[in-house]
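Notes for the one structure printed next.
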Amino acid sequence: MKKVFSRPESLADIPFHYCPGCTHGIIHRLVATAIDSLGIKEQAIGVASVGCSVFTYNYFDCDMQAASHGRAPAVATGIKRAIPEAVVFAYQGDGDLASIGTAEIVHAAARGEKITIVFVNNAIYAMTGGQMAPTTLLGQKTTTSPEGRMVEREGYPVQVCEMLESFPGVAYLERVSVHDPKAVRKAQRAITNAFRAQQQGLGFSLIEVLSTCSVNWKMRPLDALKWLEENMINYYPTQNFVNKLDKGGNNDVA
Amino acid sequence: MKCTGSLGGVYLKTKLLMKGNDALARGAVFAGCRYFFGYPITPQNEIPTYMAEELPKLGGVYLQAESEIGAINMIYGAAGCGKLAMTSSSGPGLSLKQEGISYLCGAELPCVIVNIMRGGPGLGGILASQGDYFQATRGGGHGDYRTLVLAPATAQEMYDFAWDAFEIAFRYRNPVVILGDGILGQMMEPVELVSRPPVDPGNLDWPTTMAQGRSKRLINSLYIDPVDLENHNRKLGAKYERMKKEEVRYEEVAMDDAEICLVAYGTVARIARSAIQRAREAGIKAGMIRPITLFPFPDEIIQKRAEQVKMFLTVELSLGQMVEDVRLAVAGRRPVEFYGRQGGMVPTPKELLTEIQRLGASS
């Protein structure tokens, strides 16, 4: 019988610790598949961040470093400058990247650092139990915005791609989602393209992946996917912001 | 005079006049440091300036980070790849680096961190101080860890200790701090260049160098299982104990017949040296122990001299920090007095002589 589907080689054969319905597992697979399809497993050095995805260092089957909260782009910079031939990526959540780590991400982008960031935005601090994140939507209830986020009190959610778009050092920047199979296929293309941009030495690349947290959103997994589609994409439009690849890169599904 | 100083090497005849900061930067490059990440702050700016000029010529990397936090985390990345990496800063910048230093110690990464101390707290001032002694010797960041701390007192030692710092850092897989001060960094002195091969980290089995034909490696400080974390802490503890046994360095000045023992490090030790000479001329048997490693602290020699001397006088550019380590070593057997200046003010040899005479008269 022909095998048509299997675990990507770059994804270690370890059960995920993620909650049922969490989309981190899908995104891990997309990153590992991108690494496999480009044949860069033996060139890759990954950086894990702090949050639910802290254990990515166990899941990706390549050399890994674990960074402190928000500092993954600085650690990735140190690695890339030390070993320029390595393909360096960091996997960060929205609390990590868009709040405590804003200086690091902004300046990595400003320098045009040749690293790839996979930025998973689920609009909440999930590992610590559902606190308000910089990306929490207006009106969204969390343990620390129990009445719902209000502009007058907490201000507006941070739109990372829109913020980074202006930097000339950015080579590939796209926001994608994983709420349905079509979106997942688009996300796969974007993540693979982001790694290509690094391989070609074009500059900084970041893919923002809209993601769910059914547990802390207090929804059933399918309702969470629906909520993402109906609420998050309105404020965080899924689109390409920067693409400096030749002919826009390869559009084949990796 | 007994000196357990530098690890050795052949001193060349060439002497160059340079600032302590330049000497340190030259020493680091000479030791094989090729990766420098920093952020501007006075009074250490000559170090990044030298690195920015020289490292690119040698195929190395100088990168100005967005902050001291960024810089220390870039060090983490490069050190995690097994490279000789260094950062330098001063008080307020070191405060920002503490998070990263804790992670470097937790992940057991070798690197060199330079603090050219200035007055504090807060923005403080830009002149010399020794107010960061606690921060340097007690870990400084969160968690149970230590960094080895070298305290140079001359431009020559700034140059020499850079090599030593990298050698020790790689031997222990631990950050090493070079604790200088604003005077030491800015003052020009002749420095004799030394012929030593660059520090060779050897064949390391832990850096992330890309998993080619080997299994993956991980640089990490997270141990979620308390049994694992306790074991990790114990392993780190054993390393610090080994430092205490094997890495202590100090210098003794006129201690053979001393009755009053000054304890001072860095710039202050040089002022104390002059004061001791004047005290001797005035018929007072004064001597000095100069700690060269601040962690591990040279407590054994202080314990030993406590049997001999009548009292200790610790002199620092602080409200009294190292004096606590001296008191721990003396353990109440002799009086331990303290004399300090702060805020960039520095005692004169005459001022110290007066203090020595006052203590001598009252004892």
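Summary of values
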item	result
Cα-based convex hull, region B:94-146, per residue volume (Å³, whole number)	73 Å³
Computed over region A:170-254, the ratio Rg/Rh where both radii use C-alpha atoms and Rh is Kirkwood	1.04
Stretch in chain A that is longest and holds no chymotrypsin sites (Phe, Trp or Tyr not before Pro) that DSSP places in a loop and that have at most 16 other beta carbons within 10 Å	A:17-254
Separation in nanometres of the label points that stand 7 Å from Cα toward Cβ, at B:LYS57 and B:LYS244	4.5 nm
Shielding by partners, peptide B:210-217 (average Cβ within 10 angstrom, other chains)	6
Region B:159-224 - convex hull of the alpha-carbon atoms, volume per residue in Å³	141 Å³
Under the Debye formula (equal points on every Cα, no solvent term), log10 I(q)/I(0) of region B:114-273 at q = 0.12, 0.13, 0.17 Å⁻¹	-0.72, -0.82, -1.21
Point-to-point label distance, B:TYR11-A:ASP180, nm (Cα→Cβ direction, 7 Å offset)	7.9 nm
Spin-label pair B:LYS350/B:SER195, simplified geometry with 7 Å Cα→Cβ offset, distance in nm	4.7 nm
Isotropic mean projected area of the C-alpha convex hull, region B:191-299 (nm²)	12.2 nm²
Gyration tensor verdict on region A:3-155 (Cα atoms; rounded if a/c is under 1.5, prolate if a/b is larger than b/c, oblate otherwise)	oblate
Alpha carbon centroid spacing (whole Å) that separates region B:267-291 from region A:159-201	66 Å
Partner chain coverage, peptide A:96-105 - average Cβ within 10 angstrom	2
CD proxy at 222 nm, helix term only [per DSSP H run n ≥ 4: -39500 (n - 2.57); per residue of the protein assembly as shown; nearest 500]	-11000 deg cm²/dmol
FRET E, pair A:GLU85, A:ARG220, Förster distance 35 Å, beta-carbon r, rounded to 0.05	0.15
Shape category assigned to region B:250-362 from the gyration tensor of Cα positions, a/c cut at 1.5	rounded
C-alpha center-to-center spacing [region B:344-360, region A:72-128] in angstrom	53 Å
Rounded, prolate or oblate (a/c below 1.5 giving rounded, otherwise prolate when a/b exceeds b/c) for region B:96-192 by Cα gyration tensor	oblate
Mean projected area in nm² (Cα convex hull; one quarter of hull surface) for region A:35-95	4.0 nm²
Ordering of A:101-110, B:149-158 by burial proxy (mean other Cβ atoms within 10 Å per residue, highest first)	B:149-158, A:101-110
Descending semi-axes in whole angstrom, ellipsoid equivalent of region B:144-185, from the Cα gyration tensor	20, 12, 5
Counting all C-alpha pairs of region A:160-209, share separated by more than 13 Å (%)	54 percent
Those lysines that a straight Cα-Cα span of less than 23 Å connects to A:LYS226, excepting residues fewer than 8 apart in one chain	A:LYS141, A:LYS182, A:LYS186, A:LYS218
Under 25 Å from B:LYS245, Cα to Cα: lysines that are on another chain or at least 8 residues apart	B:LYS2, B:LYS235, B:LYS304
Pairwise Cα inverse-distance average, inverted: Kirkwood Rh of the protein assembly as shown (Å)	26.1 Å
Region B:310-336-region B:51-128 distance, computed between alpha-carbon centres (Å)	31 Å
Coordinate range along principal axes, alpha carbons of chain B, Å, largest first	72, 49, 41
Semi-axis lengths (Å, descending) of the ellipsoid that matches the C-alpha gyration tensor of region B:1-111	24, 17, 15
Percentage relative contact order, chain B, counting C-alpha pairs under 8 Å, at least six apart	19 percent
Helix runs (DSSP H) in chain B reaching 15 Å along axis by Cα, Kyte-Doolittle at least 0.0	B:20-31, B:68-80, B:91-106
Charge dipole (region B:250-362, unit charges on Cβ, about Cα centre) - positive-most of B:PRO291, B:THR314, B:VAL346	B:VAL346
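FYI, it's all coordinate maths here, none of it is from the lab. Computed from a prediction, not measured in an experiment: that's the story for all the values here. All Cβ positions, glycine included, derive from the backbone under ideal geometry; neighbour counts span all protein chains shown.
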